[in-house]
Amino acid sequence: MRIDRVDIIRVKNPFVHPFETSFVKFVERDALIIKIYSEGLIGYGECKAFHAPLYNPEDNGTCLHVIRNFLVPSILHQDIEGPAEYMERVSFVIGNRLAKASIENALWDLKTKREEKSLKTLIGGFYNEVKVGVSLGIEPTIPALLNKIEKYLGEGYHRTKLKIKPGKDIEILKEVRRHYPDITLTVDANSGYTLADIELFKAMDEFNLEYIEQPLAEDDIVDHAVLQKAIRTPICLDESIVSVDTARKALELNSCKIINIKSSRCGGIGESIKIHDLCMQHNVPVWCGGMTELGIGRVQNISLASLPNFTLAHDIAASNRYFADDITTPVVNTTERCTLIVPDETNGVRYEVDETAIDRMMVNREIFR
Ligand code: OSB
Ligand code: MG
């Protein structure tokens, strides 16, 4: 496919409620939308980076630089076979996976339009419907957190994940378990701890958590292996897994028993499929992580999560869990079973990009043609 034009649109969309993690309190989603024009069709991708390099080494400023100066010139006015060939073409760019993934995702979207097939069909998806969980930020008080848990349990979310950080962990878990002894519960530390906290994680074994997500540093699968040996609760790696190769090493070292796949963090949908397949061979379940994405990214995640080894509840909440306004028609909403129907050619589920919503949120647009 010949690439005729690329737009990079910076948008900002406020969160309905601040979302606090161990590394920052988010108040708005700052994102880049990628539009690739090719032979009369348009493919959309969403860059999942944040406003600052607090979770990933990249942020929207570095992504803009890399996309503008290295990725766009690699494809503009050229013939691209598809997402895989694009990834080979830009392999000279080291790291910068979120930037690469945003274009890769847009090329997948173009491929669905060219071939008139759903993303599910193109990647060999299996499930028609996927289960979703909710990820809850750190709240100022325990009663405020309990209120949030009650609200989302009421909406049917299949798993409750609590963000934790040093000093906001065991006490919170005790209270939550006292009120909700049986719910499927997980915690996400976002790399907030070190092996010096090993006793704390041993103490968490009594709370019957489905998993502990990314307790230690993102570049430390060795210490995660030590920790996993010392506790019964499965460790789920998120930040540490940035490629099929890091996944292979983590599995060889027994650093985790579960992997959270975020296609952006791993450089795109193609690499995510490889990680999925590797985990499946090793009987390691995966689930689809979230980056509080806007509709374009959220919708692509639904299709990724249709692969057979995506067996645990996903961080693909209804859009209204984060936003009052979103950029797809319809906006992503869960069924009465708190699931999402995976769009395919036959079920009539279809999401279109809402350009007027993008215009409402736009702070800047760069056009390359
Ligand atoms: O670690 O999974 C994470 C949000 C921002 C950055 C990192 C993470 C998260 C979430 C929310 O946990 C996931 C979502 O619902 O999109
Ligand atoms: Mg996480």
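Before moving on, here are some points about what is shown:
- Point-to-point label distance, Thr329-Ala52, nm (Cα→Cβ direction, 7 Å offset): 3.7
- Full-extension gain in nm, Asn69 to Thr311, via 0.36 nm per residue minus C-alpha separation: 83.2 nm
- The stretch 197-212 - phi-based ³J(HN,Hα) in whole Hz, Karplus 6.51/-1.76/1.60, Gly and Pro as x: 9, 4, 5, 4, 6, 4, 5, 6, 3, 6, 8, 6, 7, 5, 6, 10
- Straight-line cross-link reach from Lys25 at under 14 Å between alpha-carbon atoms covers these aspartates and glutamates, not counting any fewer than eight positions away in the same chain: Glu139.
- Of all DSSP bridge pairs formed entirely within the chain, close to 65 percent run antiparallel.
- Glu218, Glu104, Glu352 arranged by Cβ crowding within 10 Å, fewest neighbours leading: Glu352, Glu218, Glu104
- Cross-linked pairs Lys48/Lys249; Lys100/Lys262; Lys174/Lys202; Lys229/Lys249: Cα-Cα separations exceed 19 Å for Lys48/Lys249.
- Mean-square fluctuations from a GNM of the chain, with a 10 angstrom spring cutoff on Cα atoms, peak among Tyr55, Tyr351, Tyr180 at Tyr180.
- Going from the fewest other Cβ atoms within 10 Å to the most, the residues Thr186, Thr112 appear in the order Thr112, Thr186.
- Here Phe23, Phe50 are placed in order of increasing Cβ neighbour count within 10 Å, fewest first, which gives Phe23, Phe50.
- Length gained on full extension, Asp245 to Glu116, computed as 0.36 nm times the residue gap minus the Cα-Cα distance: 43.2 nm.
- Based on DSSP H segments of at least four residues, each scored -39500 (n - 2.57), the chain has a per-residue ellipticity at 222 nm of -9500 deg cm²/dmol.
- Stretching the chain fully between Asp277 and Arg178 yields a gain of 31.8 nm (0.36 nm per residue, less the alpha carbon separation).
- Computed over the alpha-carbon pairs of the stretch 121-352, the distance histogram in 10 Å steps reads 8, 33, 36, 20, 3, 0 percent, short to long.
- Spin-label pair Lys12-His77: with each label point 7 Å from Cα along the Cα-Cβ axis, the two points sit 3.5 nm from one another.
- Spatially proximal aspartates and glutamates relative to Lys35 (Cα-Cα < 12 Å; intrachain offsets below 8 disregarded): Asp4, Asp7, Glu46, Glu104, Asp109, Glu355, Glu366
- Neighbourhood net charge (10 Å Cβ-Cβ; Lys/Arg +1, Asp/Glu -1) for Ile34: -3
Bear in mind that the values in this text are calculations on the coordinates, not laboratory data. The model shown is predicted, which means the values in this text are computed figures rather than measured ones. Virtual Cβ from ideal backbone geometry, glycine too; neighbours counted across all protein chains shown.
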